[in-house]
């Protein structure tokens, strides 16, 4: 399965991938370009494409859309000021024809940080309820503690099983 992990810079995409891979998360630097990690999960091989989210890199996102099964959109739950930017970028992605078959998992990262946005704040801010073109789920998580990361992968795999005929 091909999983594309996108989001604005500093949302925690690389830290999430490192935590999933049981790598050290104490020092993570911004991703300039992309990183591909492969993990076996529930009998499936997941290829996770972690692509940098800096504004200058976002025009290159389209180069990674091909054959994407799931889009994981990572939101920094502490970054209220850029929630509109986050919504606009996600909205643009969901219009892309090459992502039309992909499901959407929204990771509300940094949920463990006091004062972070609630699930409802993010759901409303991203206008998730208006998304009718993609199956989606929002899930609070923490890249630092690992909260709900396995549950997120479980949803991704189960969703693929439900949609695809992988015997």
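The values are calculated or read from the model by the stated rules, or taken from the named source; none is laboratory data. Treat the numbers as computed from the prediction; the structure is a model and nothing was measured. So basically every Cβ, Gly included, is an ideal-geometry build from the backbone, and we count neighbours across all protein chains shown.
Please find, among 132, 137, the residue that is assigned to a loop (DSSP other than H, G, I, E, B) and surrounded by fewer than 22 Cβ atoms within 10 Å (Cβ to Cβ). Reasoning before the result, please.
Values: 137 fails: assigned to a loop (DSSP other than H, G, I, E, B).
Going through 132, 137 in turn, just one is assigned to a loop (DSSP other than H, G, I, E, B) and surrounded by fewer than 22 Cβ atoms within 10 Å (Cβ to Cβ): 132.
Identify, by number, the condition in (1) exposed (fewer than 12 other Cβ atoms within 10 Å of the Cβ); (2) modelled with pLDDT of 95 or more; (3) farther than 26 Å from residue 111 by Cα that residue 43 doesn't meet.
So residue 43 meets the others, but not (2).
Anything in the range 65-93 that is surrounded by 18 or more Cβ atoms within 10 Å (Cβ to Cβ) and assigned to a helix (DSSP H, G or I)? List them, or say none.
83, 86, 89, 90, 93
Please work out if residue 103 is crowded, with 18+ Cβ neighbours inside 10 Å and closer than 19 Å to residue 1 by Cβ.
Details: crowded, with 18+ Cβ neighbours inside 10 Å: yes; closer than 19 Å to residue 1 by Cβ: yes.
Here the answer is yes, as residue 103 does meet what is asked.
Cβ-Cβ distance below 6 Å, separation of 6 or more or different chains: which pairs start in the range 42-70 with a residue that is in contact (Cβ under 8 Å) with a residue 60 or more places away in the chain and end on one that is surrounded by fewer than 14 Cβ atoms within 10 Å (Cβ to Cβ)?
So the pair list comes out as 65/98.
Can you name the condition, by its number, that residue 4 falls short on among (1) in contact (Cβ under 8 Å) with a residue 60 or more places away in the chain; (2) under 13 Å from the mean Cα position of the chain (by Cα); (3) under 21 Å from residue 144 (Cβ atoms); (4) not in a helix (DSSP H, G or I)?
(3)
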